[in-house]
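Below: the structure, in structure tokens.
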Amino acid sequence: MGRDLFVTGTDTGAGKTHVAVALLGALRARGQRASGMKPVASGCMRTAEGLRNEDALALIAASDPAPAYATCNPYAFEPPIAPHLAAHAVARRIELAPIRTAFEQLRARAGRVVVEGVGGWMAPLSDGLMQADLVRDLDLDVVLVVGLRLGCLNHALLSARAIAGDGCRLAGWIANHIDPAMAAVDDNIATLRARIDAPLLGQLAYGGTGFVAIDAAAP
């Protein structure tokens, strides 16, 4: 894949940030300049510098060149709730234009940009704005993070179907081992490989920060 990437997940807690950081590391290991972006984040911490999100900070730390915080995370909200609700609580509205401006600034400095979404694919950004709109506007390829736990088959297949139905490109998916006690892991992965019309790009070990296996089609 030679395009910029959008990392989404089967649900909150699937491991999007760990995968996005690992992708940035993989790209940099191949000699590419790559920066991370978290356009929208809720559950931010109050600091002397302003609201800060731990996912955005992790992406900045994994980036080269490292972006300014406001460029990485244009929309930061304190309440740990869905972003459109968090924005409404402070009388703000999430719009594409500021995100596009920040993305273009990142793109001008880095060869690749890895954009991390919020929640799962269908988590709305505003009353009339979905994450699919952002992906289409920025012309991103989608990487789906499948959190390997009971129920992941349903979540992953529904997510893959929704991504395709929204007219977006699913470049591949990554299996993230978030439950060390999950039964029949290999069988679950085989089931998804047979049913998702996109390659398995790699697997992330439980508690790991780097890919333990990457298919030939990985970025």
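Residues in segment 44-58 that are surrounded by 15 or more Cβ atoms within 10 Å (Cβ to Cβ) and under 20 Å from P98 (Cβ atoms): C44, L51, R52, N53, D55, A56, L57.
The residues of segment 161-184 that are touching an Asp or Glu at 6+ places or on another chain (Cβ under 8 Å) and either part of a helix (DSSP H, G or I) or open to solvent by 40 Å² or more (accessible area, probe 1.4 Å) (or both), listed by number, are A164, R169. For E116, all conditions in the list (1) over 17 Å from H18 (Cα atoms); (2) among the acidic types (D, E); (3) open to solvent by less than 10 Å² (accessible area, probe 1.4 Å) hold save one; what is the number of the exception? Exception for E116: condition (1). Taking the criterion of being buried (at least 22 other Cβ atoms within 10 Å of the Cβ) and touching a helix residue (DSSP H, G or I) at 6+ places or on another chain (Cβ under 9 Å), the residues of segment 121-133 that qualify are W121, L125.
Out of the residues in segment 139-160 meeting the condition of being open to solvent by 20 Å² or more (accessible area, probe 1.4 Å) and of a type in the set (D, E, K, R), tell me which one is nearest to the chain's Cα centre (by Cα).
Among them, the one singled out is D139.
Within segment 185-210, the residues that satisfy the criterion of being among the hydrophobic types (A, V, I, L, M, F, W, C) and surrounded by 10 or more Cβ atoms within 10 Å (Cβ to Cβ) are V185, I189, A190, L192, I196, A198, L200, L201, L204, A205. I'd like the full set of residues that are over 20 Å from E95 (Cα atoms), part of a loop (DSSP other than H, G, I, E, B) and in contact (Cβ under 8 Å) with a residue 40 or more places away in the chain, limited to segment 116-160. Hit for segment 116-160 is L148, nothing else.
If you go through segment 72-113 and pick out every residue that is surrounded by 17 or more Cβ atoms within 10 Å (Cβ to Cβ), free of Cβ contacts under 8 Å to residues at least 60 places away in the same chain and either touching a Phe, Trp or Tyr at 6+ places or on another chain (Cβ under 9 Å) or not in a helix (DSSP H, G or I) (or both), you end up with 10. Listed here are the strands (runs of 3 or more DSSP E) enclosed by segment 1-47 that have at least 1 residues being in contact (Cβ under 8 Å) with a residue 12 or more places away in the chain and out of contact with any helix residue (DSSP H, G or I) (no Cβ under 9 Å at 6 or more places or on another chain): 45-47.
Can you tell me which residue is farthest from G31 (Cα to Cα) among those in segment 59-71 that are small (G, A, S) and open to solvent by 20 Å² or more (accessible area, probe 1.4 Å)? Of everything passing the filter in segment 59-71, A70 is farthest from G31 (Cα to Cα).
The values are calculated or read from the model by the stated rules, or taken from the named source; none is laboratory data. Quick caveat, the model's predicted, so the values are computed rather than measured. Cβ sites come from the backbone with ideal geometry, for glycine too, and all protein chains shown count toward neighbours. What goes into the accessible areas is simple: the full protein's heavy atoms, side chains included, and nothing from ligands, DNA or RNA. Shrake-Rupley method; radii C 1.70, N 1.55, O 1.52, S 1.80 Å.
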